[in-house]
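As structure tokens, the structure follows; a few thoughts come after it.
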Amino acid sequence: LSCCWLIHRHSDKPAKMPAVSKGDGMRGLAVFISDIRNCKSKEAEIKRINKELANIRSKFKGDKALDGYSKKKYVCKLLFIFLLGHDIDFGHMEAVNLLSSNKYTEKQIGYLFISVLVNSNSELIRLINNAIKNDLSSRNPTFMCLALHCIANVGSREMAEAFASEIPRILVAGDTMDSVKQSAALCLLRLYKTSPDLVLMGEWTSRVVHLLNDQHMGVVTAAISLITCLSQKNPDEFKTCVSLAVSRLSRIVSSASTDLQDYTYYFVPAPWLSCKLLRLLQCYPPPEDGAVKGRLVECLETILNKAQEPPKSKKVQHSNAKNAILFEAISLIIHYDSEPNLLVRACNQLGQFLQHRETNLRYLALESMCTLASSEFSHEAVKTHIETVINALKTERDVSVRQRAADLLYAMCDRSNAKQIVAEMLSYLETADYSIREEMVLKVAILAEKYAVDYSWYVDTILNLIRIAGDYVSEEVWYRVIQIVINRDDVQGYAAKTVFEALQAPACHENMVKVGGYILGEFGNLIAGDPRSSPLVQFNLLHSKFHLCSVPTRALLLSAYIKFINLFPETKATIQEVLRCDSQIRNSDVELQQRAVEYLKLSSIASTDVLATVLEEMPPFPERESSILAKLKKKKGPGAVSVTELEDSKREGGELNGGGDRGPDTASTPSPSADLLGIRSAAPVGAAPASAGSLLVDVFSEAGDISSLTNPLIPLPCRFVCKNNGVLFENQLLQIGIKSEYRQNLGRMYLFYGNKTSVQFASFTTTVSCPGELQSHILSMHLLEPLVEGGAQIQQVLNIECLTDFSDAPLLNIKFRYGGALQNLTLKLPVTINKFFQPTEMTSSDFFQRWKQLSQPQQEAQKIFKANHSMDTEVLKAKLLGLGTALLDNVDPNPENYVCAGVIQTKGQQVGCLLRLEPNAQAQMYRLTLRCSKDSVSRRLCELLAEQF
Amino acid sequence: MIKAILIFNNHGKPRLSKFYEHYNEDTEQQIIRETFHLVSKRDENVCNFLEGGMLIGGSDYKLIYRHYATLYFVFCVDSSESELGILDLIQVFVETLDKCFENVCELDLIFHVDKVHNILAEMVMGGMVLETNMNEIITQVDAQNKMEKSEVMCFVTFINQCPCLDICSMQGHCFAFHTASASR
């Protein structure tokens, strides 16, 4: 293949005019496009487009039937307009009409329009499905491919419902053309991804696996994507693909560069397929069969060997394709993590790439090495490249590559090289791209904590971090340093000294002031002996920053001041003076004002003893997962931080937090939450009662811990037994309304969540769980958007099926973030057994006959109870009707009594129920009797109803 | 999986956008803008991969791109795809376009959006790769062209009678792919 197609055309040569020279019509389209391109301004363009849209609209609406050519032309124009970023809200119907044309061009443009412009929930899907059905059965391969493409592009649930059973048949049928097979494979894959429940495994599964052996490489190429996806979800069913994939791979790898003809790409045989085969193998552990494994190892060795051979072409495409396979092979070797020999070879190969002149290869080598670093066989080998990686961090021109280098340094870090790596990362931070600073800060903070052997180094590192990149130091990071300093008394003096020095800088970051205020407030006494850092000097230093700080920091500083009064009685007068001045005691911010007032009062009326107790040094924090690590995990998404790393840090973190002299205290803390509350009460009393702005409280806990502690199960309001609609729950933040309807054993419930505040609720999630035997009663639940804007209401639909009779109601759990705090509440959904009642009318004689039939003692449940509500006849009738049963008149000989009959529909059976309610107005009592064909139902109904009257 | 395939020129004008996951029109346009912004500020000779923008899903997705003269070809893919493999795929795509349009240039993409979509559809379907063999793709496209030709014969006469378009007004836009940048 030559490069002659890439001719550089000079501007003096006649320009090519594609539209007309191709002679395929659509002159109107070319004119329109040229018009648009000649528009001098955006306004002119919009004007021209609107004119065209009006024209097309009138043509579509006009009386004259358009011929296929014109329809095609207009649809093409619409596509072009859409590409320019304009909304297209018509033409869909015309496109659908084009689908049923017999002409290829018209059909094709119709499908194109639909795959670009129709989304999966369009109302037109049914019409489109019809056209697709016709094309699929047309036996014309071109039409079939168009239809399959359309399904794969739109991929809606309705389409899956219509075609999920048809596609596998097309895929494995013996007489299907290769090109159709290819399309069918990917079409099925798409349906499986969107609606896995509709694509049922069956006899076709094994035949799909055997497509790996297909003669036609294109079919294998398409099928392997399908097989990989299916294998990930059902590894056991598709196990046989491993040996087939190995033999296919082996045939490709050992073939000469000309064997595969068209599938040879720049002298590399079938690179794409090789990559995909190697990816497929990464879904499975190493093959157990010795022969298969031997063959695979041979393949991998051949691939590694080929990398050392001289290239067959100087073209970048050649080395690209070759290396694509090589990187996948290395990924597989890392995935198996069982062949030390191959692992070391892989590591050496990557080491070569680290210094390659191709930036792409350096990038990929850094990325692959990251995973290699976590293997115990190769961790040491990876570490030998540390200088190269550090160099990459310093000198790479491309930020993506630098980021990979930073990732790799993070991954290869251990006790032996932590100081070097952290120092390099810190110095890199000074010039790092803004986009990656926050992540770098988190990484440095984690490494410093994880591998700290001496804590003065840790404190230095974090303070440096704040100095260099204060803006990117999140709360988690500085909370953490405080937690650690509080928990380790051997570092407290050093921390106080260092932070004092850091605060000397004329412009220091606000985060530094926070750490400084907190640490000096706790441990300022440890350095007060030195006249250069006497109490008053410390106080003046802190207070010199006060006016430049934000409200939360000022609040923290006020708390530090009151702690100073306790630590150093000699500063009392000065500090009281500060607190007393108008800017504090009359501060417009309520939090600051309250702190100033309360601290002033506290310092003047409390005795030294009381003051000492209230303002005692902070107790150690309970051991818990590093909040920084949690933050990094959140940032990188699940899976980004490997499990080993997590466990590692727990182990190390434990040492850091609880290790040493104070270990036992922390370890014996019964539970973090209990301790949490303890700390809260020990916090400076003056602090406003847990207001959102109260910084000190924030340090002790993520609000989530507290609110989940106090997460009571909200009982079901009993009025919902006889009612289907209403407000289920309401507090200051949230209102939940329900509307429900039931038919036979099925029900549908609409839940309306209203945000009563003006602030957005974030991460709003709801889950429904069914206790015990109820497991599968909830059929489906629509997912919600995670954000609920202030004042907004969102709706969720719940489909319910009653499988068998039950007594516990399903539970609805709602979680969301309001402000910073996690809200968590669980309530019972008003799904009770009586919702599935069907009323049954019957005569008096029928009723008593059945009553007698249900005479076994366990079939009857009876309760005598005092009336809780009005005994008014109309109220009672309404309640009994609301229950779902038929209220039978003229049945009971005593007209004061009420009798009802109904059948409860469950999926498995029907339960007949008879009810008799005998009020005694004088005694304000009721006697309730139930007889049902199933004894558990009698008991449950009796319990439910007794609360109603 | 390939999440989106975008082609835009050096000024950020979209020339092809194909999303394999549904977004509304506004988001699609924003994604194109965001992607252009991310890709266009990069120097030549840096690597061809970068993390996806926020709109497309952030660091779970990679943008893999090639810059040919006035056009950027960008594939947004998830972690299941081989980066170098996708680069090869872009090359196959461009070579195929070049064969089909006989020295492809930006104008071809503008005036034949439908054809470009068709060619792409022979390579990628529902976000997965259907075929990587250029000859096979071209065979399919040729077969379609033949069918098309036989159907539009009646219009050719009509077209030929029309006066030619003002070619000069377009010369300024015409260009070709540079050998140098394409060989990377």
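Values in this text are rule-based calculations from the coordinates and carry no lab data. The model shown is predicted, which means the values in this text are computed figures rather than measured ones. With ideal geometry, Cβ positions are generated from the backbone for all residues, glycine too; neighbour counts draw on all protein chains shown.
Can you list which of the GluC sites (Glu not before Pro) found in the range A:33-139 are DSSP loop residues with at most 11 other C-beta atoms within 10 Å?
On the way: sites: A:GLU43, A:GLU45, A:GLU52, A:GLU94, A:GLU106, A:GLU123; in loops: A:GLU123.
Qualifying residues, ordered by number: A:GLU123.
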Exercise for review: Any chance you could check the Cα centroid distance between the range A:21-90 and the range A:178-216 for me, in angstrom?
Suggested key: 39 Å
Practice item. Convert each backbone phi in the range A:826-839 into a coupling constant with the Karplus relation 6.51 cos²θ - 1.76 cosθ + 1.60 (shift: θ = phi - 60°), then list the ³J(HN,Hα) values in order as whole Hz, x for Gly and Pro. Key: 10, 9, 7, 8, x, 10, 10, 4, 5, 5, 9, 6, 10, x
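Which ordering of A:MET217, B:MET54, A:MET871, B:MET134 is given by a fewest-first count of other beta-carbon atoms within 10 Å? Write out the running numbers ahead of the final one.
Working: A:MET217 23, B:MET54 11, A:MET871 15, B:MET134 20.
The most exposed by this proxy come first: B:MET54, A:MET871, B:MET134, A:MET217.
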Check your understanding: In debye, nearest 20: dipole of chain A around its Cα centre with unit charges on the Cβ of K, R (+) and D, E (-)?
Key -> 3560 debye
Practice item. Treat the count of other C-beta atoms within 10 Å as a stand-in for reagent exposure and order A:ASP935, A:ASP67 from fewest to most. Key: A:ASP67, A:ASP935
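If you keep only loop residues by DSSP, which trypsin sites (Lys or Arg not before Pro) in the range A:370-464 have at most 11 other Cβ atoms within 10 Å of their Cβ? If you can, show how the numbers build up before the last one.
On the way: sites: A:LYS383, A:LYS394, A:ARG397, A:ARG402, A:ARG404, A:ARG415, A:LYS419, A:ARG437, A:LYS443, A:LYS450; in loops: A:ARG397, A:ARG415.
Those satisfying the criteria are A:ARG415.
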Check your understanding: Using modelled backbone amide H atoms (1.01 Å from N, in-plane), which distant-in-sequence or interchain residues come within less than 5 Å of A:GLN838's amide H?
Key -> A:VAL903, A:ILE904, A:GLN905
**Study point:** Under 19 Å from A:LYS419, Cα to Cα: lysines that are on another chain or at least 8 residues apart
**Key:** A:LYS383, A:LYS394, A:LYS443, A:LYS450
**Study point:** Rounded to whole Hz, the Karplus (6.51, -1.76, 1.60) HN-Hα couplings of the range A:343-349, x for glycine and proline
**Key:** 4, 5, 4, 4, 5, 5, 4
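How would B:CYS76, A:CYS76 line up from fewest to most surrounding beta-carbon atoms within 10 angstrom?
Numbers: B:CYS76 26, A:CYS76 22.
By the 10 Å Cβ count, ascending: A:CYS76, B:CYS76.
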**Study point:** Amide H contacts of A:LEU728 (H built 1.01 Å from N, under 5 Å, at least 5 apart or other chain)
**Key:** A:ILE736, A:GLY737, A:ILE738
Revision key, fill the gap. Per the charge dipole of chain A (beta-carbon charges, Lys/Arg positive, Asp/Glu negative, Cα centre), the residue among A:GLN349, A:VAL899, A:VAL268 reaching farthest to the positive end is A:VAL268
**Study point:** Average other protein chain Cβ within 10 Å of Cβ, residues A:532-542
**Key:** 0
Exercise for review: List, in order, the whole-Hz ³J(HN,Hα) value for each residue of the range A:900-909 obtained from phi through the Karplus relation with A = 6.51, B = -1.76, C = 1.60 and θ = phi - 60°; use x for Gly and Pro.
Suggested key: 9, 9, x, 10, 8, 9, 10, 5, x, 8
Review point. In terms of Cα to Cα distance under 21 Å, which lysines are near enough to A:LYS312, apart from those fewer than 8 places away along the same chain?
Key: A:LYS322
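With +1 on each Lys and Arg Cβ and -1 on each Asp and Glu Cβ, how big is the dipole of the range A:41-118 about its Cα centre, in debye rounded to the nearest 20? List each step's numbers first, then the result.
Details: 14 positive and 9 negative charges, 48 e Å.
The calculation lands at about 220 debye.
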**Study point:** Eligible lysines near A:LYS545 by straight Cα distance, threshold 22 Å, same-chain separation 8 or greater
**Key:** A:LYS497, A:LYS514, A:LYS563, A:LYS572
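Quick check for me: using +1 on Lys/Arg Cβ and -1 on Asp/Glu Cβ, what's the dipole size of the range A:861-949 about its Cα centre, in debye to the nearest 20? Don't jump to the answer; show the numbers that get you there.
On the way: 11 positive and 9 negative charges, 85 e Å.
Rounded to the nearest 20 debye, it is 400 debye.
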Practice item. Could you list the GluC sites (Glu not before Pro) in the range A:362-464 that lie in coil according to DSSP, counting only those with at most 14 other Cβ atoms within 10 Å of their Cβ? Key: A:GLU376, A:GLU430
Review point. Can you flag which of A:LYS739/A:LYS835; B:LYS41/B:LYS62; A:LYS723/A:LYS879; A:LYS59/B:LYS149; A:LYS77/A:LYS107 are past 18 Å Cα-Cα?
Key: A:LYS59/B:LYS149
